[in-house]
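Student: Submitted below is the structure of interest, expressed as C-alpha cells.
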Amino acid sequence: MPIAVALPFASKAAPIAKKASMASVNSLAQTIARGNPDVLGVLVVDGDGHVHASESTAPEIVRSAVAVAIPLRELLDRASSELGCGEMSATVLEGRDASLAIADVDGYRSVVVIGANGAAPGGLRADSLWIADRLRKEDGRA
C-alpha cells in the first residue's frame with residue numbers, strides 16, 4: 001500500500017513528460033526486494049513525498065525512510081553542489097541497524113533501497129542505481 005507523506009521540496013527539475021507506469025515501478029521494486037534477503041524495502045518517492053512504489057518486509061522502516069528521504073535528498077543535493085561534485089547521483093548511508101541507498105531518477109524522484117544490518121553497501125547502491133536507470137529508460141530520458 002503506498003504511503004504518502006507531505007514534505008516541502010523545491011524541485012529544480014523540468015516537468016516530467018512521461019513517467020513509468022505504477023505497475024512497472026512496483027515490478028522493479030519487487031524484483032530487487034524479492035531477490036535479496038538483505039533488502040528490507042525499496043521505494044520510489046518524489047519531491048512532494050508521494051511514494052510511487054513500495055515493496056517491503058518491514059513497513060515501519062519504509063514509513064521512517066519516507067519521512068527522511070526528502071530532507072535527506074535536499075541535503076545531499078546541496079552538499080554535492082557546494083562541494084563541486086555536480087548533481088547528486090547516488091549515496092549510501094550506513095547505520096548500526098540498517099542502511100539506505102538513495103539514487104536520483106530525474107531530479108525529482110528518488111529510489112531508496114533499505115538494507116538490513118550487514119547488507120553490502122555497494123550492493124544496495126547498485127540496486128538503487130539499477131532501478132533509477134530502468135525508470136529513466138522507461139521515461140525516455142536515458
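Student: Taking the criterion of being of a type in the set (Ser, Thr, Tyr) and surrounded by fewer than 16 Cβ atoms within 10 Å (Cβ to Cβ), would at least one residue in region 95-112 satisfy it?
Tutor: no
Student: Filter region 118-142 down to the residues that are at pLDDT 90 or above and outside any helix (DSSP H, G or I), then identify the one that is surrounded by the fewest Cβ atoms within 10 Å (Cβ to Cβ).
Tutor: Among those that are at pLDDT 90 or above and outside any helix (DSSP H, G or I), it is Gly118.
Student: Also: Could you count how many residues in region 92-104 are in contact (Cβ under 8 Å) with a residue 24 or more places away in the chain and closer than 16 Å to Val66 by Cα?
Tutor: Of the residues in region 92-104, 8 are in contact (Cβ under 8 Å) with a residue 24 or more places away in the chain and closer than 16 Å to Val66 by Cα.
Student: Restricting attention to region 18-39, does a residue exist that is buried (at least 18 other Cβ atoms within 10 Å of the Cβ) and at pLDDT 90 or above?
Tutor: Taking every residue of region 18-39 in turn, at least one turns out to be buried (at least 18 other Cβ atoms within 10 Å of the Cβ) and at pLDDT 90 or above.
Student: Picking from Gly107, Gly115, Gly123, Gly140, which residue would you name as being in contact (Cβ under 8 Å) with a residue 40 or more places away in the chain, closer than 16 Å to Val25 by Cβ and of a type in the set (Gly, Ala, Ser)?
Tutor: Gly140
Student: Return a yes/no flag: does region 67-82 have any residue that is part of a helix (DSSP H, G or I), among the hydroxyl-bearing types (Ser, Thr, Tyr) and surrounded by fewer than 15 Cβ atoms within 10 Å (Cβ to Cβ).
Tutor: Yes, region 67-82 contains at least one residue that is part of a helix (DSSP H, G or I), among the hydroxyl-bearing types (Ser, Thr, Tyr) and surrounded by fewer than 15 Cβ atoms within 10 Å (Cβ to Cβ).
The values are calculated or read from the model by the stated rules, or taken from the named source; none is laboratory data. Keep in mind that this is a model prediction, so the values were computed, not measured. So basically every Cβ, Gly included, is an ideal-geometry build from the backbone, and we count neighbours across all protein chains shown.
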